[in-house]
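Written below as structure tokens is the structure these notes are about.
The values are calculated or read from the model by the stated rules, or taken from the named source; none is laboratory data. Small disclaimer: the values here were computed from a predicted structure and weren't measured. Counting neighbours? That spans all protein chains shown, and the Cβs are built from the backbone with ideal geometry, glycine included.
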């Protein structure tokens with residue numbers, strides 16, 4: 001594992017958080033009010049969570065589910081997850097982002113955030129298995145397949161059997177610029193399926209291959 005890359009990722013995301021955290025989390029606007037920022041997280045959850053509750057909950061009450069989020073940033077989607085699920089744990093490589101997320105979630109006793117090292121989930125309490133894992137607009141910024149696959153391995157370790165890891169990677173076939181800590185590595189459909197098999201997941205659905213938002217539904221075997 002290239003630890004210098006992880007250090008650069010942390011340095012760059014801390015700098016982005018200090019410059020304009022909300023813009024770098026959600027780039028469609030440069031200035032966000034609290035209401036607008038967290039409403040955009042709700043919209044993300046409506047589109048990616050509420051429409052997919054059958055796969056996520058598998059017949060269980062969402063308020064009984066323990067949920068994991070990778071790359072929580074300033075807590076935009078984490079707050080929306082805490083509105084839906086019983087317990088939410090989230091990680092981010094940036095200490096600056098985690099500080100903002102803690103502020104955003106101060107009134108949410110069911111939400112817990114941790115700064116991690118950008119490659120594993122050892123900071124997350126493993127005492128009870130997770131029922132669902134989620135990541136959006138995060139892996140598309142990671143310029144290393146090795147780092148992303150390590151995260152997938154780590155999610156498998158923490159999920160209960162049969163649970164879903166729904167996440168999004170960069171799917172552009174030919175990136176016009178070399179990968180950096182903003183522009184992540186691209187996955188083809190074949191590469192995504194191979195990663196699932198190596199990590200002992202069933203890649204049941206894939207949507208958006210070849211596009212910026214390539215969504216993967218990995219179910220733990």
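Here are the numbers:
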| item | result |
| --- | --- |
| Criterion violated by residue 72 - all others in (1) within 30 Å of residue 210 (Cβ to Cβ); (2) in a helix (DSSP H, G or I); (3) modelled with pLDDT of 95 or more; (4) in contact with a strand residue (DSSP E or B) (Cβ under 6 Å, 6 or more places away or on another chain) satisfied | (2) |
| Flag for residue 184 being more than 15 Å from residue 69 (Cα to Cα) and out of contact with any helix residue (DSSP H, G or I) (no Cβ under 8 Å at 6 or more places or on another chain) | no |
| Failed condition for residue 163, given (1) modelled with pLDDT under 95; (2) surrounded by 17 or more Cβ atoms within 10 Å (Cβ to Cβ); (3) more than 26 Å from residue 4 (Cβ to Cβ) | (1) |
| Subset of region 197-220 [part of a helix (DSSP H, G or I) and either in contact with a helix residue (DSSP H, G or I) (Cβ under 8 Å, 6 or more places away or on another chain) or over 19 Å from residue 146 (Cα atoms) (or both)] | 198 |
| Residue list for region 4-34, filter: in a loop (DSSP other than H, G, I, E, B) and in contact (Cβ under 8 Å) with a residue 24 or more places away in the chain | 26 |
| Looking only at region 114-136, and only at residues there that are without any contact (Cβ under 8 Å) to a residue 60 or more places away in the chain and in contact with a strand residue (DSSP E or B) (Cβ under 6 Å, 6 or more places away or on another chain), the one that is nearest to residue 60 (Cα to Cα) | 124 |
| Some residue of region 44-65 being assigned to a strand (DSSP E or B), out of contact with any helix residue (DSSP H, G or I) (no Cβ under 8 Å at 6 or more places or on another chain) and surrounded by 17 or more Cβ atoms within 10 Å (Cβ to Cβ) | no |
